[in-house]
1. Give the Rg (one decimal place) followed by the Dmax (whole number) of region 6-118, computed from C-alpha coordinates and expressed in Å.
2. Any idea what the relative contact order of the chain is, in percent, if you count C-alpha pairs under 8 Å spaced at least 6 apart?
3. What is the distance in Å between the Cα centres of region 92-149 and region 1-79?
4. Pulled fully out, how much extra length does the chain show between Thr117 and Arg62, if you take 0.36 nm times their separation in residues and subtract their Cα-Cα distance?
5. Provide the packing ranking of 140-147, 19-26, 109-116, i.e. peptides ordered by the mean count of other C-beta atoms within 10 Å per residue, highest first.
6. Quick one: if the Förster radius is 25 Å, what FRET efficiency do Ala25 and Asp97 give, using the C-beta to C-beta distance and rounding to 0.05?
Amino acid sequence: MAALTDIVPAPGVLIARGVCRHLHALGFVTITEFVPARGLRVDVIALGPKGEIWIVECKSSRADFTSDRKWSGYLEWSDRFFFAVDPDFPAEILPDDPGVILADPYDAEIARLPEATPMAGARRTALTRSFARAAATRLARLNDPDAPV
């Protein structure tokens, strides 16, 4: 059996880690692998200090990007949408409208800030509550893995 220290996270997980670290430095709180609505699962969702919501889709390769067509469904669930890629990713294949974050496992930088497209107030309220419940549930599971949450 492999030791826990021998397990290497997938490239997308490492990109997400760098993205989360950078967004935390900007005052955001983040959740990875979040479900904003049935059938959708975003790599990173971030809640900003003024209540803004950003979604970041992490792409580790050309094949990862070209095989994923569900990302456009995330646009209506955020105020700003980004792709996060490593510095060697062929960024020219990314669409022009979303933002771009260059990331490694330790940090990231916003290479292109997308235009803000604010969500409707009712959707923002529902999504913020869902974010809070998901974060609280994950914390409860860490504190008591056997809790019925």
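1. Reported Rg and Dmax, both Å: 12.9, 43.
2. 21 percent
3. Distance between centres, Cα-based: 7 Å.
4. Contour length minus the Cα-Cα distance gives 17.1 nm.
5. Details: 140-147: 9.6, 19-26: 18.0, 109-116: 13.9.
Going from most to least packed, we get 19-26, 109-116, 140-147.
6. Using R0 = 25 Å, I get an efficiency of 0.50.
Read the figures in this text as sums done on the coordinates, not as results from a lab. The structure presented is a predicted model; accordingly, all values stated were derived computationally and were not measured. Cβ sites come from the backbone with ideal geometry, for glycine too, and all protein chains shown count toward neighbours.
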